[in-house]
Amino acid sequence: GWGRIDLEETLYPSNRSVRLVDRIPFAQGQTCAYRVATTNVAPLNVQLVWTDYPGPESDDETLVLVNDLDLSVSNETTGVVWWGNGVTGGDRTNNVEGVRIALAPAATYTIRVTGHAVSHDHAEGGAAALYLRGAFRDGLVLTIR
């Protein structure tokens, strides 16, 4: 599982703040990029979640995503990239992807949500959201490509 939840620290983090982004626009081949600046060395947590459509039934119990989104976080200064769930190039089996940087230095980070394989995009009722927790300086800036 994902472990036990510390509800108080999740809702009211000490020395950090939380950003929520709901209704992320996504489509096949489209990337939404969010830029966020951190103020000091502190953990940075990013979670991407989406509601997936029912996939085809499988006799071998293989998990099949209908919509496959990918999460990546990059440090704009160093160029280092972290992928959702630690899977370079994108996780193909989960509709929850997370990046946790234990000690993220003060920098600007780009958080990308990319539609790797999207059968039902956000205009058709697909829903996706981001949860960010860290020592943030400013709000989020969105670009869509």
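At the listed q of 0.12, 0.17, 0.22 Å⁻¹, the Debye profile of segment 50-135, built from one uniform point per Cα, gives log10 I(q)/I(0) equal to -0.42, -0.75, -1.08.
Between R92 and V80, 0.36 nm times their residue separation minus their Cα-Cα distance comes to what?
2.2 nm
From the alpha carbon gyration tensor of segment 67-109, can you work out the equivalent ellipsoid semi-axes (sqrt of 5 times each eigenvalue) and give them in Å, largest to smallest? Don't skip to the answer; put the middle values down first.
Values: eigenvalues 92, 20, 12 Å².
That gives 21, 10, 8 Å for the three semi-axes.
Between R100 and S17, 0.36 nm times their residue separation minus their Cα-Cα distance comes to what?
28.4 nm
Laboratory data are not the source of any read-out in this text; all were calculated from the coordinates shown. Since this is a predicted model, take the numbers as computed values, not measurements.
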